[in-house]
Amino acid sequence: MLSHGGHVLPAVTVDTYNEELRDEDGFVGDRASGRAFRAILEDWRDKLRAQGEDPFGDTPTREISKSRLDKVLASGDPLAAGLVHTAVEEYAVELATVVRRFLRLKKWQGTERIVIGGGLSASHIGELAMGRAAVLLAGESVAVELRTISNHPDKAGLIGAVQLAPSWVLAGHDAILAADIGGTNIRIGVVDLKMKKKGDISKAAVWKHLHWRHRDDEPTREEALERMAKMARELIGIAAEEKLKLAPFVGVGCPGLIDEHGVIVTGGQNLPGNWEGEDFNLAKELTHRLPQLEGHEPVVVMHNDAVVQGLSEVPNMTDVRHWGVLTIGTGLGNARFTNRTNEREPS
């Protein structure tokens with residue numbers, strides 16, 4: 001039986017995840033969240049407004065897209081570019097501080113590389129903040145490498161689900177179904193295993209996926225579950241038409257601490273409705289709503305969303321032993337891994 005929230009996975013050991021570091025101001029990770037960057041930008045806009053100038057006019061900070069901020073950096077408007085650069089610089093200081101705090105944790109000691117994921121990492125401003133944080137850490141002789149995640153974060157949270165399944169589950173199949181559930185968005189996708197030889201899933205990639213920004217619709221928990229199931233059934237139908245053999249396995253990433261039974265113990269507060277506690281089991285709810293795959297009831301395996309996004313980097317981590325991931329989204333997700341071997345082990 002495959003367990004949820006597992007610490008020993010086929011390719012890695014999950015040393016720790018969902019650490020909730022606190023200081024006098026609250027959760028340390030919140031200082032490097034996507035909300036934190038917006039708060040910093042808003043603060044500097046307030047200072048400019050006090051002088052009568054705000055390059056973004058009346059547009060609320062939360063509505064300024066990352067792509068617009070990226071364009072401003074390359075624009076010929078020195079004030080607007082200076083504003084964004086200043087916000088990035090201040091945010092980078094916070095990110096470096098958070099990285100240092102994680103590296104002090106016993107289970108994070110010896111970390112050689114940290115991958116930065118989440119929505120902000122897919123933008124130029126996010127890359128710039130990460131690069132600046134890396135310089136600050138190097139200046140303090142903190143020996144850790146920072147990298148942005150290789151796949152787009154929207155896809156990494158699906159691709160990583162492949163690493164939750166042992167080889168025997170994947171054998172004889174072309175793809176799996178995966179779900180990435182966040183505080184703002186839900187994505188359901190089909191991940192093509194692209195196996196050239198037995199057990200080698202290093203080239204796995206998203207074949208097709210559907211996206212729903214559930215925060216805009218404010219659904220109930222039941223409505224969210226039904227919408228997810230509908231998205232999954234649509235993709236299952238498309239895969240069948242294309243003769244793509246789906247394994248009877250669904251990998252799910254979602255916020256919070258996940259116990260072995262598939263219960264979200266803590267950290268699900270941003271999901272639509274109440275998803276925490278023993279009276280709700282997401283894995284079972286999804287299983288009941290999905291059709292059979294290849295003649296079998298699908299096995300749904302859940303893990304923390306930062307863990308799953310980090311797992312998408314397994315093929316790129318063979319040159320280190322201890323590594324971690326920080327995902328910059330609604331909050332700051334985190335996980336630390338130790339490679340088991342350089343080869344995927346059957347289990």
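Nothing in this text is a laboratory measurement; each read-out follows from the coordinates by a stated rule. Keep in mind that what you see is a predicted model, and the values were worked out from it rather than measured. So basically every Cβ, Gly included, is an ideal-geometry build from the backbone, and we count neighbours across all protein chains shown.
Please go through (1) surrounded by fewer than 21 Cβ atoms within 10 Å (Cβ to Cβ); (2) out of contact with any Lys or Arg (no Cβ under 7 Å at 6 or more places or on another chain); (3) aliphatic (A, V, I, L, M); (4) within 24 Å of D174 (Cα to Cα) for V265 and return the number of the only condition it doesn't satisfy.
Going through (1) surrounded by fewer than 21 Cβ atoms within 10 Å (Cβ to Cβ); (2) out of contact with any Lys or Arg (no Cβ under 7 Å at 6 or more places or on another chain); (3) aliphatic (A, V, I, L, M); (4) within 24 Å of D174 (Cα to Cα) one by one, V265 breaks only (4).
Output the residue which, of all residues in region 261-298 that are in contact with a Pro (Cβ under 6 Å, 6 or more places away or on another chain) and assigned to a strand (DSSP E or B), is farthest from E222 (Cα to Cα).
H296
Which members of region 106-143 meet the condition of being crowded, with 20+ Cβ neighbours inside 10 Å, more than 22 Å from K155 (Cα to Cα) and free of Cβ contacts under 8 Å to residues at least 40 places away in the same chain?
Hit for region 106-143 is A134, nothing else.
Conditions: (1) touching a helix residue (DSSP H, G or I) at 6+ places or on another chain (Cβ under 7 Å); (2) under 23 Å from I328 (Cα atoms); (3) without any contact (Cβ under 8 Å) to a residue 60 or more places away in the chain. E218 meets all but one. Number of the miss?
Only one criterion in (1) touching a helix residue (DSSP H, G or I) at 6+ places or on another chain (Cβ under 7 Å); (2) under 23 Å from I328 (Cα atoms); (3) without any contact (Cβ under 8 Å) to a residue 60 or more places away in the chain is unmet by E218, namely (1).
Of these, D192, D217, which one is surrounded by 15 or more Cβ atoms within 10 Å (Cβ to Cβ) and among the acidic types (D, E)?
After ruling out the rest, the residue left standing is D192.
List, please: which pairs have Cβ atoms under 9 Å, are six or more places apart or on different chains, and start with a residue in region 184-203 that is on the phi > 0 side of the Ramachandran plot and end with one that is basic (K, R) and not in a strand (DSSP E or B)?
Listed by first residue and then by second, the contacts come to K194/K203; G199/R344.
If R132 meets every condition in (1) under 17 Å from the mean Cα position of the chain (by Cα); (2) more than 29 Å from T341 (Cα to Cα); (3) basic (K, R); (4) part of a helix (DSSP H, G or I) apart from one, which number is that one?
(1)
How many residues, within region 40-78, are without any contact (Cβ under 8 Å) to a residue 40 or more places away in the chain, within 18 Å of L128 (Cα to Cα) and part of a helix (DSSP H, G or I)?
4
Could you count how many residues in region 13-56 are within 26 Å of H303 (Cβ to Cβ) and among the acidic types (D, E)?
The qualifying residues number 4.
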